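The values are calculated or read from the model by the stated rules, or taken from the named source; none is laboratory data. Every value quoted in this text rests on a predicted model; they were computed, and no experiment measured them. Neighbour counts run over all protein chains shown; Cβ positions are idealised from the backbone, glycine included. Just so you know, the surface numbers come from the protein's heavy atoms only, side chains and all, with ligands and any DNA or RNA stripped out. Shrake-Rupley method; radii C 1.70, N 1.55, O 1.52, S 1.80 Å.
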Amino acid sequence: MSQYRAVKGTKDIFPVEIVSWKHIESVIQKVAGLYGFQEIRTPVFEYTELFQRSIGTTTDIVGKEMFTFRPEENGRSITLRPEMTAGVMRAFIQGNLAAAAPVHKLYYIAELFRKERPQAGRQRQFSQFGAELIGASSPEAVAETIGMMMQVFADLGVTGLRLRMNTLGDLDERMQYIRALKEYLEPYAAELDEPSRERLDKNPLRILDSKNPEIQAMIAGAPKLRDFLGVSAIEEFEKVLRYLDEKGLTYVIDPLLVRGLDYYCHTAFEVVSPELGAQDAIGGGGRYDGLATQLGSKTEVPAVGFAVGMERLLITMEKQGLLQHLEPGGPQVYIVLQDSALTAHAVTLCDALRKAGIRTLMDLAGRSMKAQMREANRISAAYALFVGESEMQTEVYGLKNLSTSEQESLSIQEITRKLAPSNSAQ
Ligand code: AMP
């Protein structure tokens, strides 16, 4: 085996897997279109400050998971994007999209980079599909965003997912709660595990996320976020839930659900998959009204979004048997040559058929006729086109349907008429 290996935490995606990716991507595109979300693509790297400012320096992502480098000595620091929301919001502000329309619905399918410890469902390069609804964060906007995400899962046939919902209140309410939580936890500081102790200072909300049973027991007696919420935050949340009910979506309310990133407010949500192990979150999101002003917008821009891990979605679909039926689209025609002396003629035939829009392949390795037939079957070609000396003379070829074994003698014009996309369902 070669000494050159893919970097730990990264994966190659081979053609057999691409079929699954394309399938998921096409469903995302279709559903996004139904809801009026348009695709956005932003650069793979951004200035580091963008992520520090938006995600927050107290988060794990900014604290220890970013791939950061300086392309020029003494130049500005650059980071491979660890998430998409910051870049999309930066693009929204920089591109002055607000001037064109008050509400923008954007979606993406993108590669992200986090220096996490690789394990099942956790990579250092991974992909997310996600959406950002920028310019509105009314309960109907929140419900519509969640509805779009859930429809992608439904259209892919994924079952058993659990949608967890919570509200974090507005920024003030959240800050007051954080203070109270900190006060409650400080006397326990010595008993906290290492990650929670670190969070106590920097980001105590995240302690609520802890999977450690001892910490969970400690949290059981902690002040509840709900007690810090004003009437309007609660009413907003209830409206969101009502819209979800109307959409026929089921959910559980989880008062301990907090999102890792600093910029969330009000509704936060997460989707967990029963098919995943320790890393069971398949996606999540929420409202982030404060982000635009943090990034320099003069006016507040309400927004809501989500991100779903593509690899975890694939693992879930694989386990639910939703990918087996997908077949790579094989060629329509595989040219089988009787004699390699006819190669030049086959090259011309290939060109003619491809120009007519017919997916055509020929042998490129001088293999025997038998080997060519085996290849045509292996790659699931729909037809074999036989070319021998007499076919070349008469320009009438044997076209064999490889699933029915029926064979016809046809000219190139007739084959084109039969198989070209506008004439045939093939
Ligand atoms: P986050 O941006 O952290 O809220 O993550 C949203 C989703 O992205 C998660 O629910 C996962 O499905 C996926 N995800 C996050 N980090 C990773 C990772 N390191 N490897 C694979 N998927 C990830």
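Is it the case that some residue within segment 237-259 is under 29 Å from residue 52 (Cβ atoms), more than 16 Å from the ligand (Cβ to nearest atom) and open to solvent by less than 50 Å² (accessible area, probe 1.4 Å)?
no
Would you confirm, using the coordinates I've provided, whether residue 99 is in a helix (DSSP H, G or I) and without any contact (Cβ under 8 Å) to a residue 40 or more places away in the chain? Steps first, please.
On the way: in a helix (DSSP H, G or I): yes; without any contact (Cβ under 8 Å) to a residue 40 or more places away in the chain: yes.
Yes: the conditions hold for residue 99.
Any residue that is more than 19 Å from residue 148 (Cα to Cα) and not in a helix (DSSP H, G or I) - is there at least one of those in segment 233-246?
No, segment 233-246 contains no residue that is more than 19 Å from residue 148 (Cα to Cα) and not in a helix (DSSP H, G or I).
Taking only segment 21-38 into account, find how many residues are touching a residue at least 60 places away in the same chain (Cβ under 8 Å) and open to solvent by 60 Å² or more (accessible area, probe 1.4 Å). Give the derivation first.
Looking only at segment 21-38, we keep the residues that are touching a residue at least 60 places away in the same chain (Cβ under 8 Å), and these are 21, 23-25, 27-28, 30-32, 34-38.
If we keep only those that are open to solvent by 60 Å² or more (accessible area, probe 1.4 Å) too, we end up with 30, 34, 38.
The number of residues fulfilling the criteria is 3.
Check every one of the helices (runs of 4 or more DSSP H) wholly within segment 334-426 and list those with 1 or more residues that are among the acidic types (Asp, Glu) and buried (at least 17 other Cβ atoms within 10 Å of the Cβ). Before the answer, list the steps.
Values: elements: 343-355, 369-378, 389-394, 412-419.
Hits in segment 334-426: 369-378, 389-394.
Kindly provide the set of residues from segment 43-83 that are open to solvent by less than 40 Å² (accessible area, probe 1.4 Å), within 18 Å of residue 264 (Cα to Cα) and away from the ligand (no atom under 14 Å from the Cβ), ordered by number.
Within segment 43-83, just 50 meets the criteria.
Of these, 144, 111, which one is open to solvent by 20 Å² or more (accessible area, probe 1.4 Å), within 16 Å of the ligand (Cβ to nearest atom) and of a type outside the set (Lys, Arg)? Spell out how you get there, then give the answer.
Values: 144 fails: within 16 Å of the ligand (Cβ to nearest atom).
Answer to the check: 111.
All but one of (1) part of a helix (DSSP H, G or I); (2) of a type in the set (A, V, I, L, M); (3) closer than 30 Å to residue 109 by Cβ hold for residue 178; which doesn't?
The failed condition is (3).
Looking only at residues that are part of a helix (DSSP H, G or I) and touching a Phe, Trp or Tyr at 6+ places or on another chain (Cβ under 7 Å) in segment 307-333, which one is farthest from residue 151 (Cα to Cα)?
Narrowing segment 307-333 to residues part of a helix (DSSP H, G or I): 310-319.
Still in the running and touching a Phe, Trp or Tyr at 6+ places or on another chain (Cβ under 7 Å): 310-311.
Working: 310: 15, 311: 18 Å.
Across segment 307-333, the extreme among qualifying residues is 311.
What about residue 304, is it of a type in the set (A, V, I, L, M), in a strand (DSSP E or B), near the ligand (Cβ under 7 Å from one of its atoms) and within 23 Å of the chain's Cα centre (by Cα)?
Spelling it out, it is not the case that residue 304 is of a type in the set (A, V, I, L, M), in a strand (DSSP E or B), near the ligand (Cβ under 7 Å from one of its atoms) and within 23 Å of the chain's Cα centre (by Cα).
Counting only residues that are β-branched (Val, Ile, Thr), part of a helix (DSSP H, G or I) and either in contact with a helix residue (DSSP H, G or I) (Cβ under 8 Å, 6 or more places away or on another chain) or closer than 17 Å to residue 151 by Cβ (or both), how many does segment 21-48 have? Explain how you work it out, then say what you get.
In the first step, residues of segment 21-48 are kept if they are β-branched (Val, Ile, Thr); the result is 24, 27-28, 31, 40, 42, 44, 48.
Narrowing further to those that are part of a helix (DSSP H, G or I): 24, 27-28, 31, 48.
Still in the list and also either in contact with a helix residue (DSSP H, G or I) (Cβ under 8 Å, 6 or more places away or on another chain) or closer than 17 Å to residue 151 by Cβ (or both): 24, 27-28, 31.
Final tally of qualifying residues: 4.
Does residue 192 satisfy the condition of being surrounded by 13 or more Cβ atoms within 10 Å (Cβ to Cβ), farther than 22 Å from residue 281 by Cβ and of a type in the set (A, V, I, L, M)? Don't jump to the end; show me each part of the working.
On the way: surrounded by 13 or more Cβ atoms within 10 Å (Cβ to Cβ): yes; farther than 22 Å from residue 281 by Cβ: yes; of a type in the set (A, V, I, L, M): yes.
The answer is yes for residue 192.
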